[in-house]
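K.L.:
Once you've had a glance at the structure underneath, I'll fire off some questions.
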Amino acid sequence: MKFFNDPFLKYDHRGFIAEGYLAEETNLETVCGRVARLRSGSLVKFTHEFGKYDSKGVYEGKLASNTTLAINRSTGFGPGYPAEFMSNTKVEMATSGDYPGVTQGTLGSSARLGTAPNGTRVTYNAGSKLCFDENGWVSPCHPIVELVPAGMSTKVKFHNNEYLKLDARNYVLEGQMVEDSYVYVVGHVAAKFKAGFIKFAASSNSAGGAYYGTLAENTWLRIHKKDVPGDKVLFLSNSKVTLATYYYPGVVQGVLGKDTELLHSKGVWVAYKKGAQVCFDFRGFVRNCFFEITQ
């Protein structure tokens, strides 16, 4: 098949084409096991993984003609319901699950389809742009967007839903990350946070970066302090951390990743066990966790 040899042409680690713009209309095998004719000039994306239902092939591209494709189903029995999708529109498909198929597309003809949350069949007209969940049911569309979080210069994938909040310059202040990602932390270098809800401080000063989220691995972070940088403490994977964004930014609440001696607010050293939730005041002293944090 012919592709434009431009900066958008990408290869995987084995030298197979991962994505690129087609130079001519081409019939291509899709991940749902059906052949689709893709438009010239369409950006097409491929996966070379193997699943239960042959998940090797195209998983994104613009159709050159109305095409019947299986809807995605990663749970249940058998491939998803087949539906006709419209010429000159983009389809997106899952690349994993038992029976990968269309997760987002525009109907080329009316269809009666199972609809979330309970699978009730509803008739949708041709031209309806639909999204499908893991059951193969029509669900609300929450497309993924790549945006730069406040305090960073590189993009991160977020769910484009009601949790996504941007500042005036379109930097992300909070939202739900699609996948585990390395992000800058206020007052620190990058740390890996789990997919899900995360908050970022405005990047107008050196304290830009993540200040609330769930760690994806055990991570050394400094505790909050006013006059000098706080000591580094190991915080536990799969636990939430909250950091102050002022003074010397650091952790004000977190869960210990190992047994640690910390200075208590009464001025004495206290041994805390791994897994203990601890909070810190602006002196870096352990204090009662039941207090409000002003960011």
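K.L.:
Considering each of N135, N160 in turn, give the residue that is touching a His at 6+ places or on another chain (Cβ under 9 Å) and surrounded by 13 or more Cβ atoms within 10 Å (Cβ to Cβ). Show your work before the answer.
P.N.:
Working: N135 fails: touching a His at 6+ places or on another chain (Cβ under 9 Å).
The conditions single out N160.
K.L.:
Within the stretch 110-156, how many residues turn out to be β-branched (V, I, T) and over 26 Å from the mean Cα position of the chain (by Cα)?
P.N.:
So the first thing to find is which residues in the stretch 110-156 are β-branched (V, I, T), and the list is 115, 120, 122-123, 138, 144-145, 148, 154, 156.
Imposing the further condition that a residue be over 26 Å from the mean Cα position of the chain (by Cα) reduces the set to 120, 122-123.
Of the residues in that region, 3 qualify.
K.L.:
Can you tell me how many residues in the stretch 66-101 are closer than 19 Å to N125 by Cα and basic (K, R)?
P.N.:
Looking only at that region, the number is 1.
K.L.:
What's the total number of residues in the stretch 230-245 that are without any contact (Cβ under 8 Å) to a residue 40 or more places away in the chain and surrounded by fewer than 17 Cβ atoms within 10 Å (Cβ to Cβ)?
P.N.:
So the count comes out to 3.
K.L.:
In the stretch 66-89, what residues are at pLDDT 95 or above and either basic (K, R) or not in a strand (DSSP E or B) (or both)?
P.N.:
Of everything in the stretch 66-89, those that are at pLDDT 95 or above and either basic (K, R) or not in a strand (DSSP E or B) (or both) turn out to be N66, M86, S87, N88, T89.
K.L.:
Quick one: which residue in T95, T106 is in contact with an Asp or Glu (Cβ under 7 Å, 6 or more places away or on another chain) and either in a loop (DSSP other than H, G, I, E, B) or over 30 Å from G15 (Cβ atoms) (or both)? Spell out the reasoning first.
P.N.:
On the way: T106 fails: in contact with an Asp or Glu (Cβ under 7 Å, 6 or more places away or on another chain).
After applying the criteria, what remains is T95.
K.L.:
Let me ask you something else. Pull out all pairs, ordered by first then second residue, where Cβ-Cβ is under 7 Å, the residues are six or more apart or on different chains, the first lies in the stretch 165-176 and is assigned by TED's automatic domain parsing to the domain that holds A201, and the second is of a type in the set (G, A, S).
P.N.:
Cβ pairs passing all conditions: K165/G175; D167/A150; D167/A202; Y171/A150; Y171/S203; V172/A150; L173/A150; Q176/G196.
K.L.:
Could you list, in sequence order, the residues of the stretch 1-50 that are charged (D, E, K, R) and assigned to a loop (DSSP other than H, G, I, E, B)? Please lay out each step first, then the result.
P.N.:
Of the stretch 1-50, the ones charged (D, E, K, R) are 2, 6, 10, 12, 14, 19, 24-25, 29, 34, 37, 39, 45, 49.
Scanning the stretch 1-50 gives K2, D6, D12, R14, E24, E25, R34, R39, E49.
K.L.:
Taking K266 as meeting all but one of (1) loosely packed, with under 14 Cβ neighbours inside 10 Å; (2) touching a strand residue (DSSP E or B) at 6+ places or on another chain (Cβ under 7 Å); (3) part of a loop (DSSP other than H, G, I, E, B); (4) not polar (S, T, N, Q), write down the number of the exception.
P.N.:
All conditions pass for K266, except number (2).
K.L.:
Among the numbered conditions (1) outside the structural domain of A191 (by TED's automatic domain parsing); (2) part of a loop (DSSP other than H, G, I, E, B), tell me where T123 comes up short.
P.N.:
Single failed check for T123: (2).
K.L.:
Here's another thing I want to ask about it. Taking the residues in the stretch 163-205 that are basic (K, R) and under 21 Å from T219 (Cβ atoms) as candidates, determine which candidate is surrounded by the fewest Cβ atoms within 10 Å (Cβ to Cβ). Can you show your working first?
P.N.:
Start the filter on the stretch 163-205 by keeping residues that are basic (K, R), which leaves 165, 169, 192, 194, 199.
Checking which are under 21 Å from T219 (Cβ atoms) leaves us with 192, 194, 199.
On the way: K192: 13, K194: 19, K199: 19.
Checked the stretch 163-205; the qualifying residue surrounded by the fewest Cβ atoms within 10 Å (Cβ to Cβ) is K192.
K.L.:
Kindly provide the set of residues from the stretch 125-137 that are under 14 Å from F85 (Cα atoms) and in contact (Cβ under 8 Å) with a residue 24 or more places away in the chain, ordered by number.
P.N.:
Initial filter on the stretch 125-137 (under 14 Å from F85 (Cα atoms)): 125-132.
Scanning the stretch 125-137 gives A126, G127, K129, L130, C131, F132.
K.L.:
So which residues in the stretch 180-206 are among the acidic types (D, E) and out of contact with any Lys or Arg (no Cβ under 6 Å at 6 or more places or on another chain), if there are any at all?
P.N.:
Our first condition is that a residue be among the acidic types (D, E); within the stretch 180-206, this holds for 180.
Listed by number, the list is empty, since nothing qualifies.
The values are calculated or read from the model by the stated rules, or taken from the named source; none is laboratory data. Just so it is clear, the model here is predicted, and its values are computed rather than measured. All Cβ positions, even for glycine, are placed from backbone atoms using ideal geometry, and neighbour counts span all protein chains on display.
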